[in-house]
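In what follows, a single structure is set out as structure tokens and then discussed.
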Amino acid sequence: MLQIYCGNGKGKTTASVGAAVRAAGAGLKTAFIQFLKSGTSSEIAMLERLPGITVLYASVCDKFTFQMNDEEKAEVRRCHDRLLAHAGKLLSEGLDVLILDEFNAAYKLGLMDRTSAAELILSNKNNAEIIITGREPAPEFTEAADYISEIAAVKHPYENGTAARKGIEY
């Protein structure tokens, strides 16, 4: 099945981390793959310690996309395509749960081969539980989704100038 955690509120990644922990706790082979993040988010340190969870991330993505030049974006795209290829390999080996965190933004920005990404997800949603997160999922995924959970921002400390805090927002 395909699950989507989307919206402009805080908690999409947090929900997907919870899904990874739950799946691994049930003995399911799980992969947690982050796009647009370099592996420095605090959840990665804990997920990497848990048996049954493969953790991958875009190690070359160390700044926001609006700060990247064209060469840096091209390198991020190559990295994301490698992550997708690895996800395909894991699925072919019997992976039960595939979580693609911040997938929607990377897909929307063209920072991956969109054709291969869509094929990976849509052709495997009946073989594994696939969870994609991020704002504004593409219509091809919302139409195919079995679950869509939208997280809405009602109030956020960023609005008052509070910067993201380690261990809370990342």
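Read the figures in this text as sums done on the coordinates, not as results from a lab. Being a predicted model, the structure only gives us computed values, none of them experimental. Virtual Cβ from ideal backbone geometry, glycine too; neighbours counted across all protein chains shown.
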_Yes/no for A87 being out of contact with any Phe, Trp or Tyr (no Cβ under 6 Å at 6 or more places or on another chain) and among the aliphatic types (A, V, I, L, M)_ = yes
*Can you pull out the residues in segment 108-163 that are under 26 Å from L95 (Cα atoms) and among the basic types (K, R)?*
K108, R114, K125, R135
*State which residue pairs qualify: first residue touching a residue at least 60 places away in the same chain (Cβ under 8 Å) and inside segment 147-170, second residue of a type in the set (K, R) in any location, beta carbons under 6 Å apart, and separation of 6 or more residues or different chains.*
I151/K12
*If you go through segment 29-49 one residue at a time, how many are farther than 18 Å from G167 by Cα and not hydrophobic (A, V, I, L, M, F, W, C)?*
2
*Mind counting the residues in segment 25-40 that are surrounded by 20 or more Cβ atoms within 10 Å (Cβ to Cβ) and small (G, A, S)?*
1
*Quick check: anything in segment 39-52 among the hydrophobic types (A, V, I, L, M, F, W, C), touching a residue at least 24 places away in the same chain (Cβ under 8 Å), within 24 Å of T115 (Cα to Cα) and out of contact with any Gly (no Cβ under 7 Å at 6 or more places or on another chain)?*
no
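Pick from R49, R22, R77: which is over 17 Å from the mean Cα position of the chain (by Cα) and of a type outside the set (A, V, I, L, M, F, W, C)? I'd like the intermediate steps shown before the answer.
On the way: R22 fails: over 17 Å from the mean Cα position of the chain (by Cα); R77 fails: over 17 Å from the mean Cα position of the chain (by Cα).
Testing whether each residue is over 17 Å from the mean Cα position of the chain (by Cα) and of a type outside the set (A, V, I, L, M, F, W, C) leaves just R49.
I need the full set of residues from segment 59-95 which are of a type in the set (G, A, S) and more than 26 Å from N127 (Cβ to Cβ), in order please. Before you say what the answer is, go through the steps one by one.
Of segment 59-95, the ones of a type in the set (G, A, S) are 59, 74, 85, 87-88, 92, 94.
S59, A74 - these are the residues of segment 59-95 that are of a type in the set (G, A, S) and more than 26 Å from N127 (Cβ to Cβ).
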